[in-house]
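The values are calculated or read from the model by the stated rules, or taken from the named source; none is laboratory data. Only a predicted model underlies this, so the values are computations on that prediction, with no experimental measurement involved. Note: ideal-geometry Cβ built from the backbone for every residue, glycine included; neighbour counts use all protein chains shown. Remember, those area values only see protein heavy atoms, side chains included, never the ligands or the DNA or RNA. Shrake-Rupley method; radii C 1.70, N 1.55, O 1.52, S 1.80 Å.
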Amino acid sequence: MKPFHIALLLVGAAVSPAHAQVAPGEPPITANTQSSGGPIDLERAALRLDHVDLAIEVFPDTQRLQGVATLTLHSTAPQRRLLIDLDKNLPVTAVSVDGRPLPRTGWSNPEGRLTISLPETLAAGSRAVVRIAYGGTPHVAVRAPWDDGIVWAKTPDGKPWIATTAEGYGCDLFWPCLDFPAGEPAKVDLHITVPKGLSAPSNGILLKVETLPDGRTTWHWHARSPNPYSVVLNIAPYAEIKGSYESRFGNRIPLQYWHLPGREAGARGLFAEFAPTLDFFEANVGPYPWGDEKLGVVETPHLGMEHQTINAYGNNYRKAPEGYDWLFQHELAHEWFGNQMSAANWDDYWLHEGYGQYMQPLYGRWREGEARYAVMMDKFRNQIANKAPIVSGRILTEEEVYEEEKGGPGGDIYVKGAWVLHTLRNLIGDKDFWEVTRRLVYGRPDPKPGNFQPRFATTPEYVGIVNQVTGKDMTWFFDVYLREAALPELLQTRESGRLTLKWKTPNDRPFPLPVEVEVGGKVETVAMEGGTGSIAVPADAHVVVDPNARILKRSEAVEAYQADARRREQ
């Protein structure tokens, strides 16, 4: 999802703004279009997209697009009408159902939800093929990718450089879709037509590039099961670097990077990271889910986003002390945590972002060992806000999760989520942690290319997986860390030759989390049955509680540091 990093909101590659006919934030969008996910109408919830054929032509000079979307869908309940999400800034000019054109009175879209009156009832279990012609001026992103829309930019030599982001406001900014997680289409064919001299890398496999008589080109891509917001446009005079990766699972995976001309040195440096990063994920999580398509990355005029098999990259080839590009690595993590395994509800998106964030220090550990891991985890720890629970237990919109001002956990789904996983791994051990992770991602412990499909997951399912793998009821762990805003506090009392520890938790929830204690240089584990435990400590012994920082807990020092930082910013 939206990139999150200790340096927060890094600037992307150097760009020149287009000579805009449309200002950032324009045209305005309705509340329906801005909202993604949340409670779903029963009619919409009954719909599933079997196939989307999407033909879009992009006109950089006028900053418009024209499209024809052919949706093959089925319904689990009878339907007299179809409710399809589409920004009303892209007016519909024609609709047909199963080849029968509808009269102009057969559809309406006053608030960004296209309502199509069906000529006859669509029976439960039946399919319909709906063709929608539309076009207009798409909403322009103000600050992509932290808000959404199209970005009209220019390359350093003045050529069009165009990208879309839709994770927050949703797919309906560009095409008629079902703008909620389960609205994911099973298959997508994209036909993207662009002016002469421009390329249009997108999701999945490139089937062909057709050159039209006037020099325009149409790029035909085929993808399976992309998240609705992941269907993407990228347009520029790109240069391309190609290679392949010999997977430890026996298959060969195409590697492709599209970058701006004149940036070859940085591009080749980034491309060199593709194979080793992929090897880390395959060694620890499991097979790259889209090995039959590609691992693709494209340079964009915004920072980045996890668009399936064509991740957006705009980190400007920055160097970092950990020795790899965090933005590339984070977005690649979402091919497993977000694209292969998708949360069924935005309320569960810590499964995307917490895991995506945690893969960064785990990769540092894989490359350099515990010292690098500890440094990276410490940076994350200092950003945890604890303003709202990570999981509310309600069906939420994207903005209700990602925006603190709307009551959401915001950045905590990244950094606190990573620390929850850190604490869990230290509690159950690496072997069980990685098995839990594989079961979450693939729905099975033994994934191999061809024996798994994309899947949806929830927080309760994840807790169930942990319980199954460990053979213990770990519900208490997640009740405290995910369902409460405040962190557990470890109270310490040292007297009469003993150190007594007691967990203090929000709402006095049970929390029997064991604690390591170093006494005179020797580390022992204190069992905390009932949330309390003790250990003998000589009067002259030096004592360090949780010496390896294995546990996420309240820290007065961190709170003071954060308060001081806020004062200095004012």
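If you scan the range 224-240, which residues turn out to be under 15 Å from Asn311 (Cβ atoms), in contact with a helix residue (DSSP H, G or I) (Cβ under 8 Å, 6 or more places away or on another chain) and assigned to a helix (DSSP H, G or I)?
Scanning the range 224-240 gives a single hit, Tyr229.
If we keep just the residues of the range 297-310 that are in contact with a Gly (Cβ under 7 Å, 6 or more places away or on another chain) and in a loop (DSSP other than H, G, I, E, B), which is most open to solvent (accessible area, probe 1.4 Å)?
It comes out as Pro301.
From the set of residues in the range 171-182 that are surrounded by 24 or more Cβ atoms within 10 Å (Cβ to Cβ) and not aromatic (Phe, Trp, Tyr), which is farthest from the chain's Cα centre (by Cα)?
Filtering the range 171-182 for residues surrounded by 24 or more Cβ atoms within 10 Å (Cβ to Cβ) gives 171-180.
Filter once more, keeping what is not aromatic (Phe, Trp, Tyr): 171-173, 176-179.
Numbers: Cys171: 14, Asp172: 18, Leu173: 18, Pro176: 21, Cys177: 19, Leu178: 18, Asp179: 15 Å.
Restricting to residues being surrounded by 24 or more Cβ atoms within 10 Å (Cβ to Cβ) and not aromatic (Phe, Trp, Tyr), the top hit is Pro176.
For the range 185-201, give me the residue count where each residue is surrounded by fewer than 24 Cβ atoms within 10 Å (Cβ to Cβ) and not in a strand (DSSP E or B).
5
Mind listing whichever residues of the range 391-408 are assigned to a loop (DSSP other than H, G, I, E, B) and either in contact with a Ser or Thr (Cβ under 9 Å, 6 or more places away or on another chain) or aliphatic (A, V, I, L, M) (or both)?
Across the range 391-408, the qualifying residues are Val391, Gly393, Ile395, Leu396, Gly407, Gly408.
Scan the range 477-529 for residues that are surrounded by 18 or more Cβ atoms within 10 Å (Cβ to Cβ), among the charged types (D, E, K, R) and closer than 19 Å to Glu556 by Cβ and jot them down.
Listed by number, the list holds a single entry, Glu484.
Need pairs with beta-carbon distance below 7 Å; first residue without any contact (Cβ under 8 Å) to a residue 12 or more places away in the chain and within the range 488-511, second surrounded by 14 or more Cβ atoms within 10 Å (Cβ to Cβ) and part of a strand (DSSP E or B); sequence gap 6+ or separate chains.
Thr493/Thr500
With a cut-off of at least 3 residues that are more than 30 Å from Lys379 (Cβ to Cβ), name the helices (runs of 4 or more DSSP H) lying wholly within the range 452-570.
Working: elements: 459-470, 475-481, 556-569.
It comes to 459-470.
Yes/no per residue for (1) of a type in the set (Phe, Trp, Tyr); (2) surrounded by fewer than 19 Cβ atoms within 10 Å (Cβ to Cβ); (3) free of Cβ contacts under 8 Å to residues at least 40 places away in the same chain:
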position	(1), (2), (3)
Gln340	no, no, no
Ala343	no, no, no
Ala371	no, yes, yes
Met376	no, no, no
Asn386	no, yes, no
Glu400	no, no, no
Glu404	no, yes, yes
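Within the range 530-540, can you find the residues that are open to solvent by less than 20 Å² (accessible area, probe 1.4 Å) and of a type in the set (A, V, I, L, M)? Spell out the reasoning first.
Of all residues in the range 530-540, those open to solvent by less than 20 Å² (accessible area, probe 1.4 Å) come to 531, 533, 535, 537.
Within the range 530-540, Ile535, Val537 meet the criteria.
Being β-branched (Val, Ile, Thr), at pLDDT 95 or above, farther than 30 Å from Thr458 by Cβ and more than 35 Å from the chain's Cα centre (by Cα) is the requirement here; does Val543 meet it?
Working: β-branched (Val, Ile, Thr): yes; at pLDDT 95 or above: yes; farther than 30 Å from Thr458 by Cβ: yes; more than 35 Å from the chain's Cα centre (by Cα): yes.
Yes: the conditions hold for Val543.
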